[in-house]
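Note sheet for the following structure.
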Amino acid sequence: MQTHLRGRDMITTQEWTKDELDTIFDVAFDLKRKRALGISHATLRDKVLSMLFFFTSTRTRNSFEAGMAQLGGHAQFVDSTTTQISHGDTAKEIGEILGRYNDGIAIRQCDWGVGNQYIRDVAAASRVPVLNMQCDHFHPFQILADMMTIMEKKGDPRGLTINVSYAYAKSYQKPMSVPISLILLMTRFGMNVRLTHPPEFNLLPQYVEQAKENARKSRGSFELVDDFDAGFKGADIVYPKAWGCMLTTESHEESAKISEQYTDWITDERRMALAKEDAIYMHCLPADRNIEVTDGVIDGPNSVVYDEAENRLHVQKAVMALTM
Ligand code: CP
């Protein structure tokens, strides 16, 4: 267990050692147990987290806000459109100034080609930890919650096969931050990681290379698959979700046309039967019901989506308690 994490940013799990990540899970399980038992755990009394959102949220906002309250502190919600950002406040002003008022700054900025750099620029100017609530490259707290859920449902993750797969959705060109973060974290824990997608839906290649190297070091494996059904075969964990083809086109019209070729990439009962009998179905939510996944699967016995959503609260509280 590591005890020197005060002041650390969480922008991607790749910048944390395996020991440090294990510490997060240890604390998250402890805080989950304390909450279940009604044991007070106000370790952040008098501390304030500023939460700056450039994009909508259900889970992230609510779980960070509830988490800060349960830790004895306060979280202030800031909608970027209500600030002076559009009138000249740069990332430097946000880091310098919000860092002086608060004990942590959490940011969601998912704009393609903008978000990750923006969060890093705020972090460079901030004297307090910066927490990435999702950018164009990473969604670290989602994936920490996913790993916690895998540990709860399956025990030791080493040797388990996870299928991180594209699925069709038509709501919008979703960020690729979830699949990137999944392949980066799951390969740190000795899992067999299968990345399944059509050719137009490549992930940023530098992270695919990092995932391969992580798998080599952890004695797991990493494979690329381009057939939707093949991705499910024999998997212990299936995580099919939509993302955008931003490396192929940044045009929304063209991306919608490309996606239309893959309307049959929907997770249904037949596909689930290709995975192991006790395979779990995971999704970060929101999902396009009956387009991306059938009601039968997402509401079925293999689905763990609500435990996954709950675990956002516990891992976020762990990281805030350790860093702020
Ligand atoms: N999974 C997730 O980040 O949900 P929200 O977009 O609702 O925060």
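The values are calculated or read from the model by the stated rules, or taken from the named source; none is laboratory data. Given the structure is predicted, the values throughout are model-derived calculations rather than measurements. Cβ: placed from backbone, ideal geometry, glycine included. Neighbour counts: every protein chain shown. The area values use the complete protein model at the heavy-atom level, side chains included, leaving out ligands, DNA and RNA. Shrake-Rupley method; radii C 1.70, N 1.55, O 1.52, S 1.80 Å.
A compact table of results
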read-out	value
Stokes-Einstein translational diffusion, the stretch 142-308 - Kirkwood Rh over all Cα pairs, 1.567 mPa s, 4 °C, in µm²/s	83
Centroid-to-centroid separation of the stretch 60-130 and the stretch 1-53 [C-alpha atoms, Å]	18
Ranked packing of 211-219, 65-73, 316-324, 250-258, most packed first, by mean Cβ within 10 Å	316-324, 65-73, 211-219, 250-258
Whole-percent carbon and sulfur share, accessible surface of the stretch 142-308, 1.4 Å	48
Listed peptides 46-53, 192-199, 78-85 by packing density, highest first (mean Cβ within 10 Å)	192-199, 46-53, 78-85
Over the chain: helical MRE at 222 nm, DSSP H runs n ≥ 4 each giving -39500 (n - 2.57), nearest 500	-11500 deg cm²/dmol
Rounded tilt (10° steps) of 18-37 against the dominant C-alpha axis of the chain	80
With Cα atoms, 0 to 90° folded angle of helix 115-125 axis to the chain main axis	20
Cα→Cβ-extended label distance, 7 Å offset, between Asp30 and Glu96, nm	3.8
Unsatisfied cross-links (Cα-Cα over 29 Å) in the set Lys153/Lys241; Lys32/Lys154; Lys153/Lys217; Lys32/Lys170	Lys32/Lys170
Under 12 Å from the Leu224 label point (7 Å along Cα→beta-carbon), backbone N, the stretch 187-216	195-210, 212
Förster radius 35 Å - calculated FRET efficiency between Gln76 and Ala256 (Cβ-Cβ, nearest 0.05)	0.40
Kirkwood hydrodynamic radius (C-alpha pairs) into Stokes-Einstein, the stretch 1-147, 25 °C and 0.890 mPa s, D in µm²/s	155
Under the Karplus curve 6.51 cos²θ - 1.76 cosθ + 1.60, θ = phi - 60°, whole-Hz ³J(HN,Hα) for the stretch 66-83, x wherever Gly or Pro sits	4, x, 4, 4, 5, 8, x, x, 9, 10, 9, 7, 10, 7, 4, 6, 9, 9
Proportion of all alpha-carbon pairs of the chain beyond 37 Å (%)	14
